[in-house]
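Take a look at the structure below.
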Amino acid sequence: MVPFAGSGHRSVRLGDGPDRAVVVHGFFGSPADTRAIGESLAGHGWRVSMPLLPGFGSEYASLAQTSLSAWRSALTAELRREWRAARATGGRLVVIGFSLGAALTLSSIAEDGVDVDGMVLLAPFTRFADRRARFLPILRYLLRHVRPYAAADFADPVVRDQIARKIGVVDVDDPIVQGRIRRDVTVPVRALEELRRAGCHALRMAPKVHGVRCLVIQGDRDPTVLPHTTMTLVERLGETPEAVWLRGADHRFVLRGRPGHLEALAAIAEFSATVRDGVTPHRRPLGMLDDLRRTP
């Protein structure tokens, strides 16, 4: 059973106009995960590019051979193309990165010297919630892959939602289907190590970000990107960001119908409009900071 076989797990382009937006998906994901954001921006007059990062989505079979360098190179090239296109028509460019996509966005801007007018970091990944991840540099030589659904509870709505998005319409109540999912859906340990490296690199590069308008959006119940890790990133950014704290939202707020989704779309649209119009708004207070400091 192969994940990401559907046509929705490829690069997507939406909308039209002089102003450009690049929306970057997360790890073990595809543009399908962030399509609602792209559609919202297109509805507000942005020409949207949603690139598929190497090794993900329809390229899942090559994930074990894909590196952080390949992810960064692909995004940097895309952002430079979109920057040139935007400037050729007198438009602006914003980049919206989710999780791993946010980490790569920071690296492209801070180290690769990519020009953008604004960036939005959604649940920006900088480190694993699981402390065992610190052993990944060694484990990559001992284990080929992990099976994320090996011990899954297929009655759990979260698990069922993930399977529907990554695999498609299957009968998850069928024991045979469950067995195939447990066995066949794998994540290369090497790719997890590249993800760890991406987060570490983004955190190191954060102080070098200057002169770029920035919005950070974080859910307060995110078990994947822990809120206090986002607080650390916010404090290290060279450019003080605006921030939105989504109450009751987890890592899936980018998906339609999830807690915090509509608030996130509204914040992205508002921020992007001020970037497009060249307006410097009254800075959104970082009301989440004290809460984040109290997060263990």
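When region 221-269 is examined, which residues are found to be assigned to a loop (DSSP other than H, G, I, E, B) and either in contact with a strand residue (DSSP E or B) (Cβ under 6 Å, 6 or more places away or on another chain) or basic (Lys, Arg) (or both)?
221, 239, 241, 247, 249, 250, 252, 253, 254, 256, 258, 260
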Leading residue by the ranking (surrounded by the fewest Cβ atoms within 10 Å (Cβ to Cβ)) among those in region 25-62 that are among the aliphatic types (A, V, I, L, M), within 28 Å of residue 143 (Cβ to Cβ) and at pLDDT 95 or above: 52
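Looking only at helices (runs of 4 or more DSSP H) that lie completely in region 92-198, which have at least 1 residues being modelled with pLDDT of 95 or more and closer than 30 Å to residue 46 by Cα?
Numbers: elements: 100-110, 136-139, 157-166, 175-184.
Answer list for region 92-198: 100-110.
What do you reckon, is residue 86 crowded, with 17+ Cβ neighbours inside 10 Å, in contact (Cβ under 8 Å) with a residue 60 or more places away in the chain and farther than 24 Å from residue 161 by Cβ?
Numbers: crowded, with 17+ Cβ neighbours inside 10 Å: yes; in contact (Cβ under 8 Å) with a residue 60 or more places away in the chain: yes; farther than 24 Å from residue 161 by Cβ: yes.
So residue 86 fits the description; yes.
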Pairs with Cβ under 9 Å, 6+ apart, first in region 214-242 and basic (Lys, Arg), second in a strand (DSSP E or B): 221/246
Selection status of residue 76, crowded, with 23+ Cβ neighbours inside 10 Å and part of a helix (DSSP H, G or I): no
Exclusive hit being at positive phi, under 15 Å from the mean Cα position of the chain (by Cα) and of a type outside the set (A, V, I, L, M), set 28, 56: 28
Pair list, Cβ under 6 Å, 6 or more apart: region 102-114 residue touching a residue at least 12 places away in the same chain (Cβ under 8 Å) and among the polar types (S, T, N, Q), other residue part of a helix (DSSP H, G or I) and surrounded by fewer than 24 Cβ atoms within 10 Å (Cβ to Cβ): 107/72; 107/201; 107/205; 108/76
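The values are calculated or read from the model by the stated rules, or taken from the named source; none is laboratory data. On a predicted model such as this, the values are computed, not experimentally measured, just so you know. For neighbour counting, all protein chains shown are included, and Cβ atoms are generated from backbone atoms with ideal geometry for every residue, glycine included.
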